[in-house]
């Protein structure tokens, strides 16, 4: 919890689901504000890396995982895969260290946006990012980071295992409420049988 607070990321997660964060898109919907988030579920990831190919192709027109904004980390000891992507930090250190203001937090979308024309290639943002989510492209000339494809993430479209989803915040809340309710229901049933959960 303290780690999340220190890096400016809201600690949101439930049942091995990670939320990358905070809101990606705000739309007016039925008179209210709708927010979507990019949600990662490492337990569902098969390690196919289709997300990396889709991302690189969407951004560069070439299938090159070195230019992907999403990365899949492999843990060989237990053969698990964890997709990672920019967390769109509440307090983005990348933006704070940028001497030319090439990285800015958009107040309307909460995305940390990269303004390529302002970048001088100093790579301070790469060093400052605590998550390793900003990197240099395969040519070593410019930084690359996730922008959630303007609200239609290419990685989500190709993730057949649904390890990456782009969902409404309200759906995340509902899922958490369902999980808590099921836990209470199980505890109540065990107590009714005389068991001490």
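Here, each number is a calculation from the coordinates, and none is a lab measurement. Please read these numbers as outputs of a predicted model, since none were measured by experiment. Cβ coordinates were reconstructed from backbone atoms using ideal geometry, including for glycine residues, and neighbour counts include every protein chain displayed.
On full extension, the segment bounded by residue 106 and residue 122 gains 3.6 nm, given 0.36 nm per residue less the C-alpha separation.
For a Förster distance of 25 Å, can you work out the FRET efficiency between the beta-carbons of residue 185 and residue 162, rounded to the nearest 0.05? Write out the running numbers ahead of the final one.
Working: r = 25 Å, r/R0 = 1.01.
E between residue 185 and residue 162, to the nearest 0.05, is 0.50.
As a ratio to 2.2 N^0.38 Å, the alpha-carbon radius of gyration computed for region 93-180 takes the value 1.33. Full extension of the segment from residue 64 to residue 43, taken as 0.36 nm per residue of separation minus the current Cα-Cα distance, would add 5.1 nm. Taken as Cα centroids, region 34-97 and region 124-139 sit 13 Å apart, rounded to the nearest whole angstrom.
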